[in-house]
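K.L.:
Structure in structure tokens, see below.
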Amino acid sequence: LEWLGERFFLIRHEDEMLPNIDWILDIGRAAVMRYGIRGLVIDPYNELDHQRPDSRSETEYVSQMLTKIKRFAQHYDCHVWFVAHPKQLQNWKGEAPDLYDISGSAHFINKADNGLVIHRSRDTSDPATMRQAQIYVRKVRNKAAGHIGDCVLYYDRRSGRYLTEDPGDAD
């Protein structure tokens with residue numbers, strides 16, 4: 001735990017109001033300067049305060065917000081992982097969502113350098129399926145950083161980790 005405590009810093013907006021992207025990036029700037037962070041996770045998008053003027057469309061708002069995040073990442077040499085959930089899908093049958101299914105705008109995939117989908121089955125009738133997490137890499141802008149593909153990881157309740165092989169039923 002000491003190793004984690006030296007490398008991971010949880011930032012919470014303790015006020016009753018929701019944080020906005022400017023507040024998060026200001027705190028991120030301070031964390032870069034004070035702690036030398038090299039990665040920032042913003043999770044989840046739908047719990048941010050989106051102070052979008054009536055005159056600006058959601059697509060324009062998302063585009064400008066993502067531009068701010070990309071500029072922060074480039075200026076401070078800091079990776080930013082932005083967690084966004086899919087919108088409610090009509091006639092959904094349990095398949096993994098696509099990156100264009102993210103609620104808000106297609107800019108989430110258009111402006112992203114990398115796009116991943118993490119999908120877990122909700123089929124509770126099969127315990128083995130419930131342990132699976134499907135990881136889909138759907139976009140990689142810089143081919144030296146990775147490639148399109150997918151894999152399956154299995155959750156091990158005993159260790160609290162995801163493994164490449166199914167640990168079987170932990171109970």
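The values are calculated or read from the model by the stated rules, or taken from the named source; none is laboratory data. Given the structure is predicted, the values throughout are model-derived calculations rather than measurements. Note: ideal-geometry Cβ built from the backbone for every residue, glycine included; neighbour counts use all protein chains shown. Please note that ligands, DNA and RNA were not included when accessible areas were found on the heavy atoms of the full protein model with its side chains. Shrake-Rupley method; radii C 1.70, N 1.55, O 1.52, S 1.80 Å.
K.L.:
Given the structure, is Pro86 in contact with a strand residue (DSSP E or B) (Cβ under 9 Å, 6 or more places away or on another chain) and on the phi < 0 side of the Ramachandran plot?
P.N.:
Criteria met by Pro86.
K.L.:
I've got another one for you. Can you tell me which residue within the range 134-171, out of those that are assigned to a strand (DSSP E or B) and open to solvent by 80 Å² or more (accessible area, probe 1.4 Å), is farthest from His119 (Cα to Cα)?
P.N.:
Ranking the candidates gives Arg161 first.
K.L.:
While we're looking at this one, here's another question. Using the structure shown, decide if His79 is in contact with a Lys or Arg (Cβ under 7 Å, 6 or more places away or on another chain) and open to solvent by 50 Å² or more (accessible area, probe 1.4 Å).
P.N.:
Here the answer is yes, as His79 does meet what is asked.
K.L.:
Would you check if there is a residue in the range 38-60 being over 23 Å from Pro86 (Cα atoms), in contact (Cβ under 8 Å) with a residue 24 or more places away in the chain and open to solvent by 80 Å² or more (accessible area, probe 1.4 Å)?
P.N.:
The answer is yes; a qualifying residue exists.
K.L.:
Residue by residue through the range 98-120, note down the ones that are within 22 Å of Glu58 (Cβ to Cβ), open to solvent by less than 30 Å² (accessible area, probe 1.4 Å) and modelled with pLDDT of 80 or more.
P.N.:
Scanning the range 98-120 gives Leu99, Ile102, Phe108, Ile109, Ala112, Gly115, Val117.
K.L.:
Show the residue pairs that are 6+ apart or on different chains and have beta-carbon atoms under 6 Å apart, the first residue being within the range 15-27 and within 16 Å of Ala84 (Cβ to Cβ), the second being not aliphatic (A, V, I, L, M).
P.N.:
Once the first residue is within 16 Å of Ala84 (Cβ to Cβ) and sits in the range 15-27, its partners that are not aliphatic (A, V, I, L, M) give Leu18/Asp49; Pro19/His13; Asn20/Asp49; Asn20/Gln51.
K.L.:
Follow-up question, since we're still on this one. Any residue in the range 103-126 that's more than 18 Å from Ile42 (Cα to Cα): show its pairings with residues that are open to solvent by 20 Å² or more (accessible area, probe 1.4 Å) at Cβ separation under 6 Å, as long as the two are six or more apart or on different chains.
P.N.:
As it stands, the answer is Ala106/Tyr100; His119/Ala96; His119/Gln134; Ser121/Thr129; Asp123/Thr129, since those pairs meet every condition given.
Rundown of residues vs (1) in contact with a strand residue (DSSP E or B) (Cβ under 6 Å, 6 or more places away or on another chain); (2) small (Gly, Ala, Ser); (3) more than 17 Å from Ile109 (Cα to Cα), yes/no style:
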| position | (1), (2), (3) |
| --- | --- |
| Leu1 | no, no, yes |
| Pro19 | no, no, yes |
| Asp26 | no, no, yes |
| Arg29 | no, no, yes |
| Gly36 | no, yes, yes |
| Asn46 | no, no, no |
| Ser57 | no, yes, yes |
| Thr67 | no, no, no |
| Lys70 | no, no, no |
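K.L.:
Condition first: of a type in the set (Lys, Arg) and assigned to a loop (DSSP other than H, G, I, E, B). Now tell me which residues in the range 93-132 satisfy that.
P.N.:
Within the range 93-132, Lys93, Lys111, Arg120, Arg122 qualify.
K.L.:
If you don't mind, there's one more thing I want to ask. Might you let me know whether the range 83-92 holds any residue that is within 26 Å of Arg157 (Cβ to Cβ), open to solvent by 30 Å² or more (accessible area, probe 1.4 Å) and either in a helix (DSSP H, G or I) or hydrophobic (A, V, I, L, M, F, W, C) (or both)?
P.N.:
Within the range 83-92, one or more residues are within 26 Å of Arg157 (Cβ to Cβ), open to solvent by 30 Å² or more (accessible area, probe 1.4 Å) and either in a helix (DSSP H, G or I) or hydrophobic (A, V, I, L, M, F, W, C) (or both).
K.L.:
Name the single residue, out of those in the range 1-15 being under 23 Å from Met65 (Cβ atoms) and either in contact with a Lys or Arg (Cβ under 8 Å, 6 or more places away or on another chain) or at pLDDT 80 or above (or both), that is least open to solvent (accessible area, probe 1.4 Å).
P.N.:
His13
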